[in-house]
């Protein structure tokens, strides 16, 4: 048998398996984090906003020339009374309302941001 044919058959079998495995791992991680957050208590603590950042990612679809996808994730780092810090992901409209240095009451559940009330 030709080596190239064997290689093509092998790749035809392996690539879909790898793709589904990667997607499966991502799905399991997402469900696990959601479940952990659902089972965590809702806490409200005094906190200060110490840092804000955004993560902008752009990808280009090579199959359709000129088609681009982009996504921005927003994060805020809060410092609680004990001095511990936690970074939580927020929606864009929530992110825009917060300012570094603000103090208030942070409500969160696990790694899920729920609310911040300025004092």
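Over segment 70-119, what is the relative contact order in whole percent, taking alpha-carbon pairs under 8 Å and six or more residues apart?
It comes to 27 percent, rounded to a whole number.
By how many nm would the segment from residue 94 to residue 15 grow when fully extended, if each residue of separation counts as 0.36 nm and the alpha-carbon distance is taken off?
Residue separation times 0.36 nm, minus the Cα-Cα distance, leaves 24.4 nm.
What is the Cα convex hull volume of segment 1-48 when expressed per residue in Å³?
77
Mind pulling the angle between the C-alpha long axis of helix 3-38 and the longest principal axis of the chain? Nearest 10 degrees, somewhere in 0 to 90.
Roughly 20 degrees, rounded to the nearest 10.
Could you tell me the relative contact order of the chain? Use alpha-carbon pairs under 8 Å, at least six residues apart, and round to a whole percent.
Relative contact order comes out at 26 percent.
Test of understanding: express the Cα radius of gyration of segment 42-119 as a ratio to 2.2 N^0.38 Å, with N the residue count.
Cα Rg divided by the expected 2.2 N^0.38 Å: 1.36.
Roughly what would the spin-label model give for residue 39 and residue 73, points 7 Å off Cα along C-beta, in nm?
Going from the residue 39 label point to the residue 73 one covers 2.3 nm.
Readers should treat all values here as calculations from the given coordinates under stated rules, not as data from a laboratory. Just so you know, these numbers come straight off a predicted model, no measurement behind them. Cβ atoms come from the backbone with ideal geometry, glycine included; neighbour counts cover every protein chain shown.
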